[in-house]
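The values are calculated or read from the model by the stated rules, or taken from the named source; none is laboratory data. Quick caveat, the model's predicted, so the values are computed rather than measured. Cβ: placed from backbone, ideal geometry, glycine included. Neighbour counts: every protein chain shown. To get the accessible areas, we keep the full protein, side chains included, count just its heavy atoms, and leave off ligands, DNA and RNA. Shrake-Rupley method; radii C 1.70, N 1.55, O 1.52, S 1.80 Å.
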Amino acid sequence: MDEELYSRQLYVLGQRAMQRIQGASVLLSGLQGLGAEVAKNLVLMGVGSLTLHDPHPTCWADLAAQFFLSEKSLGRSRAEASHELLAQLNEAVQISVHTGDITEDLLQAFQVVVLADCKLEEQLKVGTLCHKHGVCFLMAETRGLVGRLFCDFGENFTVENPTEAEPMTAAIQDISQGLPGIVTLRGNTKRPSFYDGDLVIFSGIEGMVELNGSSPQPVRVQNGSLEIEDTTTFSRYLRGGVVTEVKKHKTVNHEPLDIALLQPSVVAQNPQEVQRAHCLHQAFRALHEFQHRHGRLPKPWDPVDAEIMVGLAQDLGTHTGTKEEWLDDSLLRTVALSSAGSLSPMASILGGVAAQEVLKAISRKFMPLDQWLYFDALECLPKDKKHLPNPKDCHPRNCRYDGQIAVFGTGFQEKLSCQNYLLVGAGAIGCEMLKGFALIGLGVGTNGGVTVADMDHIERSNLSRQFLFRPQDIGRPKAEVAVTAAQSLNRDLQVTSSTYPLDPTTEHIYDDNFFSRVNGVVAALDSFEARHYVAARCTQYLKPLLEAGTQGTRGSASVFVPHVTEVYKGPASAAASEDAPYPLCTLRYFPSTVEHILQWARDEFDGLFSRSAETINGYQQTPTSLSYMENTHTWTLLQQVMGVLKRRPQTWQDCVEWALGHWYLRFHDGIIELLRRYPYDKVLEDGRPFWSGSKRCPQPLKFDPNQDMSFLYVLAAANLYAQMHGLPGSRDQTALRELLQLLLEPDSMYQNSISAPTFTPAEFGPEQLKGVLEDWRKGPPLKPLLFGKVRPQWE
């Protein structure tokens, strides 16, 4: 397995689930916009093989959401036209095209079958056969501003790991000898932590050691204590210990589509949502019936066709015995009027969820959907009916925006083309946003445009989720590559790149004149500090901000409009709360897997030898006020690159001193500071030890030049630091050991430095810091180092 490529997925899924994904075979039928999104996501996540099926010829309306197709694809089958570009996303995935019919024999060759925007007859036929043969079946479709997803994983489908949450753990106060044994937990027992039937294991117990490492056993909860097996013959409990939940498998039973279609089970938070879901369910049934009778969907914003569909929905409701469910005629009518459209954002949302359900079916991790999911974005339409489109405005123009014009009309399309937007961040979400901009035609007009700002360079680990990048792009600036890729999706897109970060050092670039031309800002950033800064700039210039982020299997998206909505209120930093589950905090302070440690090391490399060099170079080009550094990520980078030196290195010894100081910072002083904040005996409010479960208490190391691990770390770091500064390095290990012995002598001047290897804003005022940076500014620019491009043993 290419662990570097799939590093982010491995954190969430684990090795076993990833191996299952790489061995899976999936059939995808339907390659319009929704199918393209599903295909893209499956290939990026690394399924073993993907078979495409869609013999229908490409038409103009497909180009509104299908990013693997272009004007050159018109007339070709969608599957064959998509194959080449799709295969470029991941060479490890076997991608093929099936040109014949979908037969019963064919279906049995796959673990999962997905139908995207297919006719109801095909859905019912394939769904029935998949259920019969135990093949996981998914059906997804979008119609204008509404979409739905259906899952059938068969009978007795076992979910081995139902949630992403860490197993529950609790500290033990006492364990009785008896039948049953009573486990008394420490701390607040009012909040339920375990439930009857939970399986648990024990560890760290002194005295009643028979429980340590024993097989998982069920518990019964009684007044906050746990009843367990017979402990009569066990040794007497003395002290300590932790009880940890063992996640139980869950069994799911799904109905086939033909039954679920007539008897849908709706799970919603309130009766209004239940009613809306029921109306959308009937709307889709009526749309399929309309298409069956007329050979097409209702014409865009045609009132006659809309009334016919409303009547069909009412008739279908009566025939299936659901008269007690009132149907909202207005909702049904709106669905019908806009149903002929094809929208990229709708395809993106449903395609992402559908691919996630495929992942669940293959990996058996996380609970699948309860069969049906309905989603609509009808609030995008004007509330005032006077501003709704008319049939003439939505008539096809034989252009790539026909699918979107069918929903919003030509006037709206013209407004989109004149918009100017700033996209900050070209990572996973940034790539998706830029793809969306290209497909919807944002900024394609003479007066429109998109600016993409990102100072990072492409790494191999980016390729599994940032689909605008390819292996040959590794090491190149993300913004530049993303812009070129977006223009290949839509050659009319007016898009430019900027490799300057959006922070106080670049306010002369992103100045009043720049923001006066911008209609809005999209933030796709990976740090809270950067999000706060961008949000403040949007408030200053009265620009709307669209902000999004992901965390494992979770995601969020928010819209902020100055003086209309609440302001952005994200945490000040990833480590703002000890209970905040942000990846940065996990990697830096609480690693629990090999993958965490590897990713920490990669991030450390990039921060020390790439981003810090770019920060210094940026200051060399445009010196500015430094007071902002106290609260930004820039300050951390400057701390790292200066280290114990507080000046620009001139010799090999300077580089060694810096490397040794950084070793102390990371593995001695930093650990002592962490233990000062979280002592080894710290206990949480519920009585659990802070250092328990996946959190392992670290110990500070003592540097020994004769210990190879520490010595080689300093050797590599010093050489990389020298290379970054354009200084000669050294591979003479004997000479380095002698130098380190001198530096570590009690009377050495260097000993005063390693006791405080970094400095803070409180210790170093703006003028002193400016003086330090001026020392760097006098010399040549630093050389940012890219992982994979330097001596392997130093990496």
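Being closer than 30 Å to Arg397 by Cβ and touching a His at 6+ places or on another chain (Cβ under 9 Å) narrows it down to one of Thr410, Thr484, so name that one.
On the way: Thr484 fails: touching a His at 6+ places or on another chain (Cβ under 9 Å).
Exactly one residue qualifies, and that residue is Thr410.
Quick one: what pairs do we get from the stretch 525-545, first residue over 13 Å from Tyr510 (Cα atoms), second open to solvent by 30 Å² or more (accessible area, probe 1.4 Å) and of a type in the set (S, T, N, Q), C-beta under 6 Å, 6+ apart or different chains?
Taking only residues 6 or more apart or on different chains, the pairs are Phe528/Ser573; Glu529/Thr632.
Restricting to strands (runs of 3 or more DSSP E) lying wholly in the stretch 94-195: which have 1 or more residues that are modelled with pLDDT of 95 or more, closer than 22 Å to Leu287 by Cβ and of a type outside the set (D, E, K, R)?
On the way: elements: 94-97, 112-116, 136-143, 146-152, 157-159, 169-175, 181-185.
Qualifying strands (runs of 3 or more DSSP E): 112-116, 136-143, 146-152.
For residues that are in contact with a helix residue (DSSP H, G or I) (Cβ under 9 Å, 6 or more places away or on another chain), surrounded by fewer than 21 Cβ atoms within 10 Å (Cβ to Cβ) and among the β-branched types (Val, Ile, Thr), scanning just the stretch 513-555, find the one that is nearest to Glu164 (Cα to Cα).
Here the answer is Thr553.
Inspect all residues belonging to the stretch 135-152 and state whether any of them is open to solvent by 20 Å² or more (accessible area, probe 1.4 Å), of a type outside the set (A, V, I, L, M) and within 30 Å of Asp62 (Cβ to Cβ).
Going residue by residue through the stretch 135-152, those that are open to solvent by 20 Å² or more (accessible area, probe 1.4 Å) are 143.
When the remaining residues are screened for being of a type outside the set (A, V, I, L, M), the result is 143.
Of the ones still in play, those that are also within 30 Å of Asp62 (Cβ to Cβ) are 143.
Looking through the stretch 135-152, at least one residue is open to solvent by 20 Å² or more (accessible area, probe 1.4 Å), of a type outside the set (A, V, I, L, M) and within 30 Å of Asp62 (Cβ to Cβ).
Would you please list the contacts, defined by Cβ atoms under 8 Å and residues six or more apart or on different chains, that run from a residue in the stretch 149-169 that is on the phi > 0 side of the Ramachandran plot to a residue that is buried (at least 16 other Cβ atoms within 10 Å of the Cβ) and not hydrophobic (A, V, I, L, M, F, W, C)?
Gly154/His131; Gly154/His254
Which pairs turn up if I take residues in the stretch 195-223 that are touching a residue at least 40 places away in the same chain (Cβ under 8 Å) and look for partners that are surrounded by fewer than 12 Cβ atoms within 10 Å (Cβ to Cβ) with beta carbon separation below 9 Å, at least 6 apart in sequence or on another chain?
Ile201/Gly213; Ile201/Ser215; Phe202/Gly213; Ser203/Gly213; Arg220/Asp196; Arg220/Gly197
Can you find even one residue in the stretch 74-84 that is closer than 30 Å to Gln19 by Cβ and open to solvent by 30 Å² or more (accessible area, probe 1.4 Å)? Show your work before the answer.
First pass over the stretch 74-84, keeping only residues closer than 30 Å to Gln19 by Cβ: 79, 82-84.
Narrowing further to those that are open to solvent by 30 Å² or more (accessible area, probe 1.4 Å): 83-84.
There is at least one residue in the stretch 74-84 that is closer than 30 Å to Gln19 by Cβ and open to solvent by 30 Å² or more (accessible area, probe 1.4 Å).
Counting only residues that are farther than 23 Å from Gly197 by Cα and either of a type outside the set (Lys, Arg) or under 30 Å from the mean Cα position of the chain (by Cα) (or both), how many does the stretch 229-266 have? Write out each step before concluding.
In the first step, residues of the stretch 229-266 are kept if they are farther than 23 Å from Gly197 by Cα; the result is 233, 235-240, 254-266.
If we keep only those that are either of a type outside the set (Lys, Arg) or under 30 Å from the mean Cα position of the chain (by Cα) (or both) too, we end up with 233, 235, 237-238, 240, 254-266.
Final tally of qualifying residues: 18.
Which numbered condition in (1) under 19 Å from Ala377 (Cα atoms); (2) touching a residue at least 60 places away in the same chain (Cβ under 8 Å); (3) in contact with a Leu (Cβ under 6 Å, 6 or more places away or on another chain) is the only one that Ala277 fails?
(3)
Given the condition modelled with pLDDT under 85, of a type in the set (Phe, Trp, Tyr), under 37 Å from the mean Cα position of the chain (by Cα) and under 28 Å from Ser461 (Cβ atoms), answer yes or no: does some residue in the stretch 707-715 qualify?
Applying the first criterion (modelled with pLDDT under 85) to the stretch 707-715 yields none.
No - not one qualifying residue is present in the stretch 707-715.
Mind checking which residues of the stretch 1-35 are in a helix (DSSP H, G or I) and touching a strand residue (DSSP E or B) at 6+ places or on another chain (Cβ under 7 Å)?
Going through the stretch 1-35, the residues in a helix (DSSP H, G or I) turn out to be 7-13, 15-22, 33-35.
Answer for the stretch 1-35, where residues must be in a helix (DSSP H, G or I) and touching a strand residue (DSSP E or B) at 6+ places or on another chain (Cβ under 7 Å): Leu13, Ala17, Leu34, Gly35.
Starting from the stretch 94-108, take each residue that is open to solvent by 60 Å² or more (accessible area, probe 1.4 Å) and list its partners that are in a loop (DSSP other than H, G, I, E, B) and hydrophobic (A, V, I, L, M, F, W, C), counting only C-beta distances under 8 angstrom and pairs at least six apart or across chains.
Here the result reads Gln108/Val135, each pair linking the stretch 94-108 to a residue that is in a loop (DSSP other than H, G, I, E, B) and hydrophobic (A, V, I, L, M, F, W, C).
May I ask you to verify whether Tyr237 is crowded, with 18+ Cβ neighbours inside 10 Å, of a type in the set (Phe, Trp, Tyr) and part of a loop (DSSP other than H, G, I, E, B)? Full working, then the answer.
Working: crowded, with 18+ Cβ neighbours inside 10 Å: yes; of a type in the set (Phe, Trp, Tyr): yes; part of a loop (DSSP other than H, G, I, E, B): yes.
When the stated conditions are applied, Tyr237 passes them.
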